[in-house]
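The values are calculated or read from the model by the stated rules, or taken from the named source; none is laboratory data. Not measured: the values here are computed from a predicted model. No Cβ is skipped: glycine too gets one built from the backbone with ideal geometry, and neighbour counts run over all protein chains shown.
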Amino acid sequence: MKYKIVISGGPGSGKTSIIDQLILKNYKCFNEISRSFLKKNKFLDKPIEISEKIIDKRIKHFIKSEGTSLTKDKPFIFFDRGIHDVSAYLDYIEKPHKFHKKIQDYKYDLVFLLELNKKNFINDNERIETFKQASIIHDYIKKSYQIKNHSIIDVPWMNINMRLDLILNHCYKTFKL
């Protein structure tokens with residue numbers, strides 16, 4: 001059995017740090033891909049064009065995960081953001097799009113939403129949102145998964161090892177492994 005698990009949340013919530021730790025523990029992971037597109041273009045300049053590239057790549061990851069071989073003791077595939085995040089970002093900027101229908105065909109087994117922490121929030125060249133904007137985006141992301149009836153687990157802000165333990169313990173407990 002394979003379980004597809006999304007690690008998501010607003011910008012700066014620590015998703016990639018969690019994914020990096022999961023990789024170190026030899027879990028299968030698909031890294032965030034939007035940063036590579038955002039280095040070339042500003043999202044707000046070409047939101048639909050960039051979103052189309054991102055969603056196509058995330059769908060390829062989803063499909064590729066079907067053929068990924070896993071061990072019995074680590075039957076999870078983790079995604080740094082999921083397909084539904086694309087729709088959430090476009091909803092946030094109030095840009096009409098066709099992705100609501102496109103994402104209906106894809107469902108993850110669990111979605112972990114990482115809480116933001118204002119004290120630890122950092123901007124960079126690709127993360128241009130303020131903390132307030134990141135919090136609003138977080139809410140849109142949560143809504144995009146709720147609408148599709150995903151099982152969502154909110155992960156509070158705490159040190160990375162505690163977050164990682166919470167996520168892994170929840171996965172093993174949920175799937176009775």
Those residues of region 95-140 which are touching a Pro at 6+ places or on another chain (Cβ under 6 Å) and part of a loop (DSSP other than H, G, I, E, B), in sequence order:
Lys95, Glu115, Arg127, Glu129
Helices (runs of 4 or more DSSP H) wholly inside region 1-81 that include at least 3 residues being surrounded by fewer than 22 Cβ atoms within 10 Å (Cβ to Cβ) and at pLDDT 90 or above:
15-24, 47-66
Kindly indicate which of Leu177, Leu113 is surrounded by fewer than 20 Cβ atoms within 10 Å (Cβ to Cβ), touching a residue at least 60 places away in the same chain (Cβ under 8 Å) and on the phi < 0 side of the Ramachandran plot.
Leu177
What pairs can you find where one residue is in region 7-29 and farther than 17 Å from Asp154 by Cα, the other is modelled with pLDDT of 95 or more and not in a strand (DSSP E or B), and their Cβ atoms are less than 7 Å apart, with a gap of 6+ or different chains?
Gln21/Ile160; Gln21/Leu164; Cys29/Ile19; Cys29/Leu22; Cys29/Ile23
All but one of (1) closer than 14 Å to Gly10 by Cβ; (2) in contact (Cβ under 8 Å) with a residue 40 or more places away in the chain hold for Thr130, so report the exception by its number.
(2)
Restricting attention to region 124-144, the residues that are at pLDDT 95 or above and either aromatic (Phe, Trp, Tyr) or over 23 Å from His84 (Cα atoms) (or both) number exactly 1
